[in-house]
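Visitor: Got a structure for you, written out below as structure tokens; questions coming shortly.
Every number in this text was worked out from the coordinates using simple rules, so none of it is lab data. This structure is a prediction, so every number in the text was calculated from the model and none was measured. Don't worry about glycine lacking a Cβ; one is built from the backbone with ideal geometry, like all the others, and counts go over all protein chains shown.
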Amino acid sequence: SHPETRPGTFCPVCVTDLKSCDAGRKGYEVFRSQIFDKYSSAGCTTDANCLIASEINACVSRCGVALPAVLADSWKSSLTSNAQSSCSGCPPVVTPPCIPQVARCLMNRCFATTGLQ
């Protein structure tokens, strides 16, 4: 962000630099892709080994992905940490409406299905 004096005012206000937000969000997406590949490759044996892990932080707000339950906290922590450094000055993101999802284990991988099936 940077200080900016708006017309008709005397004092500057902080204005978010959207270019740095775009760069931060792009870097976050690269990091996210890498750790998703790593975490989602861990196996499962039953549906109980999987859960839907949310993704709400300074960079994004998403409904969630299916991951092995033992890695969900690490996933959230890693993403939150990266988002704090990458997107701390970005405007807040809006959480979309989410369709209920259920995590299932299929061929040793966790997958998300809609709860409507």
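Visitor: Measure off 7 Å from each Cα along the Cα-to-Cβ vector at residue 61 and residue 47, then give the distance between these two points in nanometres to one decimal.
Guide: For the pair residue 61/residue 47, the computed spacing is 3.0 nm.
Visitor: If you line up the long axis of helix 72-87 against the longest principal axis of the chain, both from Cα atoms, how many degrees apart are they, to the nearest 10?
Guide: Approximately 20 degrees, to the nearest ten.
Visitor: Of the chymotrypsin sites (Phe, Trp or Tyr not before Pro) in the stretch 5-71, which ones lie in a loop per DSSP and count no more than 14 other C-beta atoms within 10 Å?
Guide: When the chymotrypsin sites (Phe, Trp or Tyr not before Pro) of the stretch 5-71 are filtered for loop state and at most 14 Cβ neighbours within 10 Å, 10 remain.
Visitor: Something else now. Can you tell me how much longer the chain between residue 13 and residue 73 gets when fully stretched, taken as 0.36 nm per residue apart minus their C-alpha distance, in nm with one decimal?
Guide: Going from the current span to full extension adds 17.9 nm.
Visitor: Could you work out the helix-only [θ] at 222 nm for the chain, with each DSSP H run of four or more residues adding -39,500 (n - 2.57) and the total divided by the number of residues, to the nearest 500 deg cm²/dmol?
Guide: -11500 deg cm²/dmol
Visitor: For residue 113 and residue 99, calculate 0.36 nm times their separation in residues minus their Cα-Cα distance, and state this gained length in nm to one decimal.
Guide: Answer, rounded to one decimal: 4.1 nm.
Visitor: Just the Cα atoms of the stretch 4-95, one point each, no solvent: what log10 I(q)/I(0) does Debye give at q = 0.17, 0.20 Å⁻¹?
Guide: Listed by q, the Debye log ratios stand at -0.75, -0.93.
Visitor: Another question, if that's okay. Please give, to one decimal in nm, the separation of the simple spin-label points placed at residue 6 and residue 30, each 7 Å out from Cα toward the Cβ.
Guide: The modelled label-to-label distance comes out at 3.5 nm.
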